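One structure is given here, and the rest of the page talks about it.
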Amino acid sequence: MSTIIQYHNLGKKQNWIGGSYEESSAPKSITVISPYFDQAIAEVPDSNQADVNRAVEQAKAAFPAWASTHIRDRAAVMFKLKTIMEQDMEALAHLVALDNGKTIADARGSILRGIEVVEFAASLPNMLKGESSNVGHGINCTMTHEPLGVVAGITPFNFPIMVPLWMIPIAITSGNCFILKPSEQTPLAALKLAEYLQEAGLPNGVLNVINGSREAVESICDHPDIKAVAFVGSSRVAKIVYSRSAAQGKRALCLGGAKNHMIVVPDADQDSTAKGLLASSMGSAGQRCMAASVAVCVDDVDAIIDQLVEEARSFQLGLDMGTIVSKAALEKITGYIDAAEAMGAKVRVDGRNPNPPEAYPDGYWLGPTILDHVDPDWPCAREEIFGPVLSIIRTDTLESALRIENGNPYGNAAAVFTTSGQVAKTIAESASAGMIGINIGVPVPREPYSFGGWNESKYGHGDITGRSGVDFWTNLKKVTSRWPESSEAWKKYF
Ligand code: NAD
């Protein structure tokens, strides 16, 4: 298994509509840059409304036959998809890494997490069997999940295969036809997914991939024949997509950004806590919505922080951590570090001016950065930085630590490191976040438990995966029936 990322340019990639690549009518295109090489690796269309209309036409045409395909046959496509993805794992991991800047190991991990949702979708025949009971004398009620029709998903740059897989398997196995608008920064894995699904036997038109940016997203929100929109990205755009889709009467679930806190108390286990803080804040170079970017340290936990600092200093770029996604993001993150330093933060580990790995001298590198004695009101403590930067806030009591955590407008995740059941219980019960970790820094619930935050980390109701995902992509139909009493002639048979 190679860990080396080779440069190659895939050239012009088009939209995937109705089961094949189709040229866009849009005059503009987007250059896809590899953050490892600072060089173009592909060109995709910056699609317009006409492209979205074409995709909707194809999805609408495919819907009646797909919705009436038996659910076991729809689920069979998921079984095949899982096999194909596992067989092509190394090539796919390479593509994700080249496009996004992850290490190969991180890319592989993200694919495996996406496959878990494929497995969940493969099990939907068990979950979507419906319910039925006698609700009154001679009266029966059945309840079934029915697909909505044409639905859409809009995804961010940071997990180019996993986040589309949070949506597509559950939506299409439930009988919908899907339009995906992947991030224009990392669109290549989503196109590969469309090819895999075709190989797995998915009929043409059931999945369509439209490349592009704002116009494509707005056309999706406005299109009257798209019944539901799921979005994952920053809170700013999540709110726009949610409001615009809801204004058209669509169902919308929009997951946004995060500022996750880890509360550390003196009785925490030193080694596993230091490692947990490091993995959570620096994994994926801090570019994940589950990264905990603030450590709220209660009383004296210096031994833990010292170990964390020492381990962060020994991080090897390209091995322990990939690149930042773009030059612009790198500048933005560095700006937060500069500002915090100017405000008085102690820079315990400084990722600025890092040593790039020999093979990728032009990559967008930033080393792990740890800022100590940060004030809870500073921008580095309040805003989503989305990079490998951990802010340490010192406080005296668990109560004030909770106040800091709950004072943040986001609510994706929170974690506590302790050996005390009482402390763990207090945080789990009182933290205002959708996903809580106890001695776990990245508390992503595994399938079938659903993924989703609270507060400004989500607009809309429910979660994106698990049972909640099924509820989002389907309507409930209730049939209440009463049959006339048997006629006199038939009564003799009873
Ligand atoms: P982003 O919001 O910039 O982009 C997400 C999508 O929105 C992209 O497809 C993009 O083309 C589109 N978009 C961007 N600006 C738009 C506009 N003005 N109008 C319409 N569409 C627009 O997010 P990103 O930088 O790609 O991803 C990082 C963000 O995603 C972070 O905030 C991170 O926390 C969040 N994220 C959240 C979760 C979660 O589960 N809550 C998961 C992954 C990432």
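The values are calculated or read from the model by the stated rules, or taken from the named source; none is laboratory data. As the structure is a prediction and not an experimental result, all values here were calculated from the model. Please note: Cβ atoms are built from the backbone with ideal geometry, for glycine as well, and neighbour counts cover all protein chains shown. Please note that ligands, DNA and RNA were not included when accessible areas were found on the heavy atoms of the full protein model with its side chains. Shrake-Rupley method; radii C 1.70, N 1.55, O 1.52, S 1.80 Å.
Miscellaneous remarks
- Residue within segment 158-168 that is more than 14 Å from the ligand (Cβ to nearest atom) and either of a type outside the set (S, T, N, Q) or in a helix (DSSP H, G or I) (or both) present: yes
- The lone exception for Ser133 - which of (1) out of contact with any Cys (no Cβ under 8 Å at 6 or more places or on another chain); (2) free of Cβ contacts under 8 Å to residues at least 60 places away in the same chain; (3) open to solvent by 40 Å² or more (accessible area, probe 1.4 Å) it fails: (1)
- For segment 240-277, filtering for residues that are more than 19 Å from Pro164 (Cβ to Cβ) and near the ligand (Cβ under 10 Å from one of its atoms) leaves 5.
- Qualifying residue in segment 405-419 (condition: on the phi < 0 side of the Ramachandran plot, open to solvent by 70 Å² or more (accessible area, probe 1.4 Å) and free of Cβ contacts under 8 Å to residues at least 12 places away in the same chain): no
- Filter pass, Asp46 being assigned by TED's automatic domain parsing to the domain that holds Ser219, among the acidic types (Asp, Glu) and surrounded by fewer than 17 Cβ atoms within 10 Å (Cβ to Cβ): no
- Residue that is nearest to Leu277 (Cα to Cα), among those in segment 293-304 that are in a strand (DSSP E or B) and away from the ligand (no atom under 12 Å from the Cβ): Ala295
- Hey, Val150 open to solvent by less than 10 Å² (accessible area, probe 1.4 Å), under 17 Å from Gly175 (Cβ atoms) and in contact with a strand residue (DSSP E or B) (Cβ under 7 Å, 6 or more places away or on another chain) or not: yes
- Scanning segment 204-258 for residues that are in a helix (DSSP H, G or I) and β-branched (Val, Ile, Thr) yields a count of 5.
- Tally of residues being surrounded by fewer than 17 Cβ atoms within 10 Å (Cβ to Cβ), at negative phi and either in contact with a Gly (Cβ under 9 Å, 6 or more places away or on another chain) or among the basic types (Lys, Arg) (or both) across segment 358-381: 3
- Residues (open to solvent by 60 Å² or more (accessible area, probe 1.4 Å), within 14 Å of Glu184 (Cβ to Cβ) and either not assigned by TED's automatic domain parsing to the domain that holds Ala200 or not β-branched (Val, Ile, Thr) (or both)) located in segment 1-38: Lys28, Ser29
- Residue that is nearest to Ala171 (Cα to Cα), among those in segment 243-278 that are hydroxyl-bearing (Ser, Thr, Tyr) and either assigned by TED's automatic domain parsing to the domain that holds Ile154 or surrounded by fewer than 22 Cβ atoms within 10 Å (Cβ to Cβ) (or both): Ser245
- Filter result for the condition that a residue is within 20 Å of Val229 (Cα to Cα) and of a type in the set (Ser, Thr, Tyr), over Ser47, Ser34: Ser47
- For segment 217-234, the criterion of being without any contact (Cβ under 8 Å) to a residue 60 or more places away in the chain, in contact with a Pro (Cβ under 9 Å, 6 or more places away or on another chain) and more than 14 Å from the ligand (Cβ to nearest atom) is met by no residue.
- Lys332 surrounded by fewer than 24 Cβ atoms within 10 Å (Cβ to Cβ), farther than 19 Å from Ala292 by Cβ, in contact with a strand residue (DSSP E or B) (Cβ under 9 Å, 6 or more places away or on another chain) and in the same structural domain as Asn408 (by TED's automatic domain parsing): no
Here is a yes/no grid of residues against (1) away from the ligand (no atom under 16 Å from the Cβ); (2) in the same structural domain as Val118 (by TED's automatic domain parsing); (3) closer than 30 Å to Ala228 by Cβ:
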site	(1), (2), (3)
Asp372	yes, no, no
Asp375	yes, no, no
Trp378	yes, no, no
Ile385	no, no, no
Ile392	yes, no, no
Thr397	yes, no, no
Val416	yes, no, no
Tyr449	no, no, yes
His461	no, yes, yes
